[in-house]
Amino acid sequence: MTKELAARAQALPPPTERYTLLGWVHKNLFSTWYNALLTVLAFGLSYALLKPIIAWLIGQSQWEVLKVNFRLLMVGQYPMAQMWRVWVCLHLLAAIVGLTWGIWVHGRRLLAAVLLLVPLSLALLPTISSPTRLFLLGLDVFALIAFGLGRLRSLALRRLAIWSWVVYFFLVILIITGLNPAEGWFPIVPTTLWGGLLLTSLLTVVGIAFSFPLGVLLALGRRSRLPAIRWVSVGYIEVIRGVPLVTILFMASTMLPLFLPSGMRPQLVVRAMVGITLFSAAYLAEGVRGGLQAIPHGQYEAAGALGLSGFHTMALIILPQALRIVIPVLMGQFIALFKDTTLVATIGLLELLAISRSVLAQPQFVGFQREVYLFITLIFWVFCYFMSYISQRLEIALGVGER
Amino acid sequence: MEKSRSLRVQSSIPLWRDERFLRILGQAVFLAILAAILGYLTRNMLTNMRQQGLGLGFDFMRLTAGFDIGEHLIPYDRSSSFLRAYQVGLLNTALVGGLGIAFATILGVIFGVAQISSNFLVQQLARAYIEFLRNIPLLVLLIFLYTAVFIKLPRVKEAVMLPGSVLLTNRGVAIPWGIPTETFSLYVRILILGVFLAIAVGGLLAWYGRRTGRAPLTLLWSVLTLVGIAVVGWVALPDSPLTLDPPAVQGLRLAGGRQLSPEFMALLLGLSIYTSAFIADVVRAGIQSVSQGQVEAAKSLGLTTIQTLRMVIFPQALRVIVPPLTSQYLNLVKNSSLAVLIGYPELFHVSGTILNQSGRAVEMIALVMATYLAISLLTSALMNWYNRRVRLVER
């Protein structure tokens, strides 16, 4: 009892610090002489750095280059007539996110409002054409409908939500590529026309979708009791982790044709995807291995005692627990993969960074590096920050690290 | 174990149900499939190369390179061999890697500690720095620094002079540099002597510490010994071993000092600050991993704050910090290959040029990959050794 009281008495700061701005400032900024010195130094340094940047943002920057090239930056040369497919992918994403939100997320109203306001405010911009406006509003509508469904039938739809995430990754590839080799309905869009943020996202999606299973297999292989499989896995993982991604991409772009029969020459995008997948799998494998090592041996024994086979033990007992533990690590890897897609610029694919370079090569926009690169930095930052935010929420929601 | 023993007893089990046999069979099949795939790929490669009239082998490395490299630490011109060009690239990678690791570590430790500072402003600034850098691609940062910062500096005529006579121009950054005089070689010998003395002092103190159970400031005293000898040597010599050569603008070009190209500066700065954000998180996690109880225990033993830091927190935090720090260092070295897009002649860039000149794709890619792999394995071996040493502190 007294202990509790003592703890509470300590937790409350004195009233001066609690209620006055001055008290707060004194405690957090000027508590000792060296803290005061640090505050002044830090303030001076950030002022010196930020002042020219803000002055440039207000005074000198010109954003015309982005307005003119916006479509190029977003989708590259993806044909205008097929743009609806990109929108379909986005609508599906909005619906799945809405469904997931309705089922699992409670509270977080502010974030939801911000997410819903982004398309809405974009739709209200005066320069946007009316079909685009409809598509943008569609995002909110689909998200809200799915959210409502998820809220109402949260138990029944759980499995559907998980499966729709898995299917979504493959569906996106299908929708963007197309089916029909001839002209007409749903034609195949040649990969040479993919570009910008669209290509960046596709490389990420394909990378995640294929490197994840490969990574899990490699992790299992590394922990296998069979020496041949173990050593091959270890060798693969260590070699890939020891070399930079650019060398692997370079190999995929120039040497893959050498390794294949003379007639076969896969498209550059496919080769880049193979390179990214092979690279990312090695890193994912190390992440998954961490999770596998964290599972106590009793789990294997208990599964054996229940009469489960080796395969069933892995699929039903070990992997679900191991993967849950490593979700933050895996998300970190996915973020890294998203950032690494910029490296395909070295082999001549026009993803977001490379297409910015070609935009800047246009004679009328030669001097606009700052504007364009700041814009794509912002795009990358927002996506990565959002992903890491989700990862943190997931970590808490799934109780990672708590038993 | 249990199972295999019982299997041996029941010899009636047929071969195709014997688990030991099945395991060996499974591995044999796995290896056979792997060998078949690799063999198929190799055969394709050889066929393709024969069709293109190419052979395998590293003899071409002796041929004349025939291209220029902007920056080289060892003598090089276009009549040098491919091998020489490769060495130039390797040394440039080593330079950027070494300097980058040093700067990234310094910045990383500063921001890592700032992140857990009790000063609100410092803490928030450190967090903003880390969150910004961690969530953008390195390549975008490098290209931004190169094309939007270093190339856009004022022209040579309007060069900006920073304090310490550092010149900023769009042709590069020039810093003051020392020119060796005739006493320089003697001074180097004095320094080598100083290093040996410092090691001796360190060893002696460590031995004293082990014998008496006290904790002498081993590192501090060795460094002080070295610095002391360096200063005494500098003063005692009749002429100073280095004369300072500040850079200056001469007409349309820079003269004097050491000139650092925009490519080098962009790469070094980009790699350093990008990696420092990751190192900062490693450092923070390491310091936070030492439990509060350790600090309280140290205080109750009567240790001062500095002693607590030096003898309790640091050794334990280091053990958590070193493994992820190693992988960050390796990342930095591997990421230096991104310089290919901003044109700094490091290993990957030079190798690409060699590849284009000689047409030997397979050999060059294999060589580059083997080099990076060797650097990685060597570094991790060194760090593992260090890690074991740090681990020994645990009793």
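Brief remarks on what is shown
- Residue check: B:GLU263 meets all listed conditions (1) assigned to a helix (DSSP H, G or I); (2) among the charged types (D, E, K, R); (3) at pLDDT below 90 but one, namely (3).
- The residue pairs whose first member lies in the range B:221-235 and is more than 18 Å from B:TRP207 (Cα to Cα), whose second member is of a type in the set (Phe, Trp, Tyr), and whose beta carbons are closer than 6 Å, counting only pairs six or more residues apart or on different chains, are B:GLY233/B:TYR187.
- Scan of the range A:342-352 for residues that are in a helix (DSSP H, G or I) and in contact with a strand residue (DSSP E or B) (Cβ under 6 Å, 6 or more places away or on another chain), ordered by number: A:VAL344
- Of the residues making up the range B:31-67, those that are closer than 30 Å to B:PRO345 by Cα, without any contact (Cβ under 8 Å) to a residue 60 or more places away in the chain and touching a Leu at 6+ places or on another chain (Cβ under 8 Å) are B:MET61, B:ARG62.
- Qualifying residue in the range B:104-115 (condition: over 21 Å from the mean Cα position of the chain (by Cα) and more than 9 Å from chain A (Cβ to nearest Cβ)): yes
Yes/no matrix, rows are residues, columns are (1) touching an Asp or Glu at 6+ places or on another chain (Cβ under 8 Å); (2) within 14 Å of chain A (Cβ to nearest Cβ); (3) among the hydroxyl-bearing types (Ser, Thr, Tyr):
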{"residue": "B:ILE151", "(1), (2), (3)": "no, yes, no"}
{"residue": "B:PRO154", "(1), (2), (3)": "no, yes, no"}
{"residue": "B:GLY178", "(1), (2), (3)": "yes, no, no"}
{"residue": "B:SER185", "(1), (2), (3)": "no, no, yes"}
{"residue": "B:GLY194", "(1), (2), (3)": "no, no, no"}
{"residue": "B:GLY203", "(1), (2), (3)": "no, no, no"}
{"residue": "B:THR212", "(1), (2), (3)": "no, no, yes"}
{"residue": "B:LEU219", "(1), (2), (3)": "no, no, no"}
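- Some residue of the range A:367-387 being out of contact with any Leu (no Cβ under 6 Å at 6 or more places or on another chain), within 11 Å of chain B (Cβ to nearest Cβ) and either over 30 Å from A:TYR78 (Cα atoms) or at pLDDT below 85 (or both): yes
- Selection status of B:LEU347, crowded, with 16+ Cβ neighbours inside 10 Å and within 12 Å of another protein chain (Cβ to nearest Cβ): yes
- Some residue of the range A:86-104 being surrounded by fewer than 17 Cβ atoms within 10 Å (Cβ to Cβ), assigned to a helix (DSSP H, G or I) and either touching a Ser or Thr at 6+ places or on another chain (Cβ under 6 Å) or without any contact (Cβ under 8 Å) to a residue 40 or more places away in the chain (or both): no
- Residues of the range B:73-99 that are without any contact (Cβ under 8 Å) to a residue 24 or more places away in the chain and touching a helix residue (DSSP H, G or I) at 6+ places or on another chain (Cβ under 6 Å): B:LEU73, B:TYR76, B:SER81, B:LEU83.
- Being within 21 Å of the chain's Cα centre (by Cα), at pLDDT 85 or above and of a type in the set (A, V, I, L, M, F, W, C) holds for only one residue in A:VAL105, A:VAL114, and it is A:VAL114.
- Test: A:LEU360 is within 14 Å of another protein chain (Cβ to nearest Cβ), more than 21 Å from the chain's Cα centre (by Cα), under 30 Å from A:ILE53 (Cβ atoms) and of a type outside the set (Gly, Ala, Ser): yes
- The sole residue among B:THR243, B:THR275 that is polar (S, T, N, Q), buried (at least 19 other Cβ atoms within 10 Å of the Cβ) and either assigned to a helix (DSSP H, G or I) or under 31 Å from the mean Cα position of the chain (by Cα) (or both) is B:THR275.
The values are calculated or read from the model by the stated rules, or taken from the named source; none is laboratory data. Being a predicted model, the structure only gives us computed values, none of them experimental. Neighbour counts run over all protein chains shown; Cβ positions are idealised from the backbone, glycine included.
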